[in-house]
Each structure stands twice: as structure tokens, then as C-alpha cells.
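For reference, the structure discussed in these notes is given below.
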Amino acid sequence: MAEMVTLTIDGKEVSVRKGTTILEAAKQVGEEVPHYCYHPGLSSPAMCRMCLVEVEGAPKPMPGCVTTVAEGQVVNTQSGEARHHRQGVLEFYLVNHPLDCPICDMSGECYLQDYVHAEGRKHGRGREPKRVFGRDDFGGDVLFYGDRCVMCTRCVRFMSEVEQDHRLTVVERGNRSVIDTFFDEGLDGTHFHGNVVDICPVGALVSKDFLHKARAWDLTHTPSICTSCSQGCNIDHHTRDNLVQRLKPRENLDVNGWWICDYGRHNYEWMNHGDRLEAPLVRGGEPSGAMGWGDALRTLLERAADKKGSVKAVASPFASNESLGALKRLVDALGGGDIVYRSPRAEDEVTLEGFPTLVRRKDLSPNTGGAGRLGMKRVGDDEGHGGLENVANHDGVLIVLGDGLLDQAEAFGADAGLFVYLGTHGSAAAAEADIVLPITSHAEMEGTFTNYEGRVQRFWPSLDAPGMARPAWLVLGALAAELGRGSVVKTAAEAFAALAAEAPAFSGMTYDDIGTRGAVVNESVSLTGD
Ligand code: SF4
Ligand code: SF4
């Protein structure tokens, strides 16, 4: 058992592991000690001096980010003396700062702004002209506004310690010190550089993609999961006007730490596409045309009852566990049959040496882990195409739970007795299907994905669904229940409970257990497909 140390911080007694820093211990009593250079995922150079605290008995203020706790220690983070020292440090930071908050993308989430508001001087005393660096293009997605920099070196340490590609450095000395790139290509060609924008505590490093797009206080943050590979990085969707404006990493030490890759970070525009399926559509026979959900589902069940042939399905590894579980239930209710899925592969993994948990995986779908555990088989090539001949052509019922890949520009080529397509966007399959049912994307619903290691992770809706689109688990679950297979599920939690009751890999799990951190499936259950 770890050795514990008991100390008092701001009058509150707390016990923490030996070796904990005062800054981290203070978090446990609800105090945030101001800091710039400290980041829990990086080394601590103790150079910004913002985290000065008063330690009784110490001859001078101590930096909380590198001073470790001691038995019986008495620390004051909010005393007049501690705040006085930090106020002096803040004043130095503002000597050359341009105070351009009104046009700075970081305004509203800037630690310089926050700390000055909390404990800075009311008036500046600087009378000298300010030093001017201007703006520089650092390559990749990053612009550098040197005048806003507080020289914390988080960006330099991220590139050296995490990306392990020494692209940034400090040049010059004293008040001429400035961050710069080594070569002309700057950050071009690196795979995780977007994280330097996230960890820059001020508006010195900003994203070209997000430049002047939205004010921080207008954005709504919703926890989600990246859908760009099977790693399952935890992210937040930042939305405004029912559009995803940017993706940001969400800390989960078991999955992605504090970071995400640039590929996943920038793959969000598809969630904002307007070419959506918005109403159920029935083709051929009577009734036909656009119609309400009740009529469309009734027609589907009547036409399916006329088909005596087999039932086959194509699932999407972009669909949630709940939707895949409901698809399996419906296929069983219609008599049972093969369910296959297609999933694209990247040529290579993108790894970070020393960070084994964070890899941009070859498997570019978020939920092959769920599909495989439900007995669905992978078909097709590494681009996610082909492989459907045996399921798409038969006299019976073909159900295609469309994917978010928008990869169906090629003719889908189904020749089935009854072709039912559930999808988010217009596609070749939607153009050919007998019955088209509009479903929500993961950004418009609650649900779970199972990542490469079998970790089930929840996501929440960040956008309103268009038109009459509904979650696939609701539509498929209602059809299965109508055929006497399971009961009607009305919430994502109920849909997950129905899955857990039927699929051994998920048995015993609940939304509460999974929480915001995820939970690993029962590993005794083997995967089908790969
Ligand atoms: S650019 Fe940002 S992260 Fe880098 S040293 Fe300056 S303030 Fe720190
Ligand atoms: S590693 Fe995979 S899951 Fe993580 S951000 Fe990149 S693409 Fe998304």
C-alpha cells in the first residue's frame, strides 16, 4: 500500500500519497493553484512561477508544481502573501502582452485572462512601448501569436516528450525569447501537433481550422468518442448553431491520456453535412412515397412477411452497440441469418514511443469491437468496399444498417426480395432500397462503442437530429418487439440493457458502470471476424 502523508492546505487536512506535489494535493481540497508551465502529462520545469504558495516555515514562496508534500506541512495557497507574490508574477506577464482579448480565439478560456481577473492588479503600471513579435505560421494546423506567449514551454515539451519529434524550441534570450520552429516545414507532417493548441494556456498557439470561427462562451461541450479509428479516444464535441465547430480531447488515462491525433481531430465535417435522409420512404407497390414512421414500419413488416427466403444483413461498424444489438434481434425475429460488416483499414498504425495506450489504429471504424462480439463477420477489402455479393443478392429480406463512411458512391448492387436501408445520408444504397429509414448519426444520439481492446465507452448527443430521423436501436428494436422478440425500448439505457441481457460479452454491464470512463467487456467471449 502506498505511503500516505497528511498535511493541511488552506485550513483543510488532507492525506495524499507520498511524493504528490502541493499543486496536485491542493486539487483534492478543491483549490486550483494558478499555473502555466505545469501539465500533468509533461515534465515540470517550474519556470512560470505562477504556482507560488506559502509553506509555513519555508524562507520564501515555493512553487507548488515541484514542491512535494511533507508530513504535518501547513500550506496556504490563498493567503495574502501567496496572492501578493503571484500578483507580481502576473504583472510581469502583462508587460509585453498586447491585451488583444477581443480578437483572440482563446478569450473566454484563457488562463492569463482568468488569473488576472481572479488576482491580478486592477491597473497596469507599464509605460514603455511593448515588444512586438507578430504572427507566424508554424505549419500544420497551427498559427503562433508570439506577443501572447507566456513562455511556459508546454508546446516545446509536448513535441519533445510526447510526439518525440523536436520541431519547436525557444530561441533568443531574456525578453527577446520566443518560440520558433527548427525548419521551414515547422509542424507539417507530424501526427499529434494539434495538442499544442489545446495545452497552450493562452492564445499564442491557435488552430487555423478554428480561427475566428466561434467565441468560447458560445460553445456547448458534449462528451463523446472519436469515430475515426478503433482506439476510441475520449473527446468533447464543441458545438454552436447545431454544428460541430471543433473536437477537443477529453482526459481518460486508460485510453488516450490528454491527447488525440490530428486525423481524428479534423474528421468532423461529415457530422455537419446537410444531405440527410429526413423521412421514411417506401418504393414500389402500395403504399409508396414518403410517409410517417408508423405507416413505413407497418408496410415493412407486411412486405417482409410475404418473403419466404432468407434474411441477411449488412451492419455498420459506425453503428452503436445498442443499434447492432437491435439489428441482431430483428434478424433473429425474421428467422435468423448472416450479418456482415465492412470496415476500412489504414496502411499503417501511428504510434507514440513510450505511450503504448495511444495509437492511431489501422482499423478506422469505432465499433468493430462491438460488431465482432455480436458474431458479425468482416467482409470486403481494406478500403471498406466489396464483399457483399453473398448477402446482397437473394430472394429474401436484406437489411442494411448504413454506415457513416459516405462510401457508397459506387452502385450498391443489391438484388434482394426486399431491400431495407437505414442510413443517415443520401447514398447509392438509399437510392436503390425498397424502404429507406432515416436514422441519427452518433452525434445526435446517446449510445456506446466498443474499442480495440474491448472497452465499452459512452457518448452523448451534441446535435439535434434532422427531420424525422431516429436512433437505429429505436427503429430496429420496435420492429423486433412487434415480431415478439423483446420488449419495446424507449431509451438508450434500455437498449443497452436489452443487449446486455442477450450478448454474453456485455452481460452484467450497465450505463452506470460504464460512466464517462468506460468499462471492459467480459473477455472470456471470443471475437468473430477481426
Ligand atoms: S506558445 Fe503557448 S504553450 Fe508555447 S510557450 Fe508560449 S504560451 Fe506556452
Ligand atoms: S487515435 Fe483514433 S480514436 Fe484517437 S483521435 Fe486519432 S483517430 Fe480518433
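Just a few scattered comments:
- Candidates are the residues of region 361-384 that are open to solvent by 60 Å² or more (accessible area, probe 1.4 Å) and not acidic (Asp, Glu); the one that is nearest to ligand 2 (Cβ to nearest atom) is Lys362.
- Ala481 being assigned by TED's automatic domain parsing to the domain that holds Asn367 and either open to solvent by less than 10 Å² (accessible area, probe 1.4 Å) or touching a Lys or Arg at 6+ places or on another chain (Cβ under 8 Å) (or both): no
- Counting the residues of region 449-472 that are over 16 Å from Gly274 (Cβ atoms) and either aliphatic (A, V, I, L, M) or in contact with a Leu (Cβ under 9 Å, 6 or more places away or on another chain) (or both) gives 4.
- Scan of region 133-156 for residues that are more than 16 Å from ligand 2 (Cβ to nearest atom) and at positive phi, ordered by number: Gly134, Gly139, Met151, Thr153
- Residue within region 94-106 that is at positive phi and open to solvent by 30 Å² or more (accessible area, probe 1.4 Å) present: yes
- Scanning region 319-360 for residues that are part of a strand (DSSP E or B), within 16 Å of ligand 2 (Cβ to nearest atom) and among the charged types (D, E, K, R), we see that the one that is least open to solvent (accessible area, probe 1.4 Å) is Arg360.
- Cβ separations smaller than 6 Å between residues 6+ apart or across chains give the following pairs from region 157-173 residues that are within 16 Å of ligand 2 (Cβ to nearest atom) to residues that are hydrophobic (A, V, I, L, M, F, W, C) and in a loop (DSSP other than H, G, I, E, B): Glu163/Phe192.
- With respect to (1) more than 30 Å from Ile235 (Cβ to Cβ); (2) in a helix (DSSP H, G or I); (3) open to solvent by less than 10 Å² (accessible area, probe 1.4 Å); (4) small (Gly, Ala, Ser), the lone exception for Gly396 is condition (2).
- Count - residues of region 190-202 that are within 13 Å of ligand 1 (Cβ to nearest atom) and surrounded by fewer than 24 Cβ atoms within 10 Å (Cβ to Cβ): 3
- Of residues in region 112-132 being touching a residue at least 60 places away in the same chain (Cβ under 8 Å) and aliphatic (A, V, I, L, M), the one farthest from ligand 2 (Cβ to nearest atom): Ala118
- Reported count of residues in region 490-503, each being more than 27 Å from the chain's Cα centre (by Cα) and surrounded by 13 or more Cβ atoms within 10 Å (Cβ to Cβ), is 1.
- Residues of region 251-285 classified as away from ligand 1 (no atom under 16 Å from the Cβ), open to solvent by less than 50 Å² (accessible area, probe 1.4 Å), farther than 20 Å from Lys213 by Cβ and under 14 Å from the mean Cα position of the chain (by Cα), total: 5
- Test: residue in region 23-32 that is crowded, with 20+ Cβ neighbours inside 10 Å, under 28 Å from the mean Cα position of the chain (by Cα), closer than 30 Å to Leu143 by Cα and not hydrophobic (A, V, I, L, M, F, W, C): no
- The single condition among (1) free of Cβ contacts under 8 Å to residues at least 40 places away in the same chain; (2) over 23 Å from the mean Cα position of the chain (by Cα) that Val311 does not meet is (1).
- When Trp473 is tested against the conditions (1) touching a Gly at 6+ places or on another chain (Cβ under 9 Å); (2) hydrophobic (A, V, I, L, M, F, W, C); (3) open to solvent by less than 10 Å² (accessible area, probe 1.4 Å), the lone failure is (3).
- The test for being in contact with a Phe, Trp or Tyr (Cβ under 7 Å, 6 or more places away or on another chain) and not β-branched (Val, Ile, Thr) does not hold for Ala290.
- The one condition in (1) under 20 Å from Cys101 (Cα atoms); (2) more than 16 Å from ligand 2 (Cβ to nearest atom); (3) crowded, with 19+ Cβ neighbours inside 10 Å that Leu187 fails to fulfil: (1)
The values are calculated or read from the model by the stated rules, or taken from the named source; none is laboratory data. Treat the numbers as computed from the prediction; the structure is a model and nothing was measured. Neighbour counts run over all protein chains shown; Cβ positions are idealised from the backbone, glycine included. Accessible surface is based on the protein model in full, side chains and every heavy atom, while ligands, DNA and RNA are left aside. Shrake-Rupley method; radii C 1.70, N 1.55, O 1.52, S 1.80 Å.
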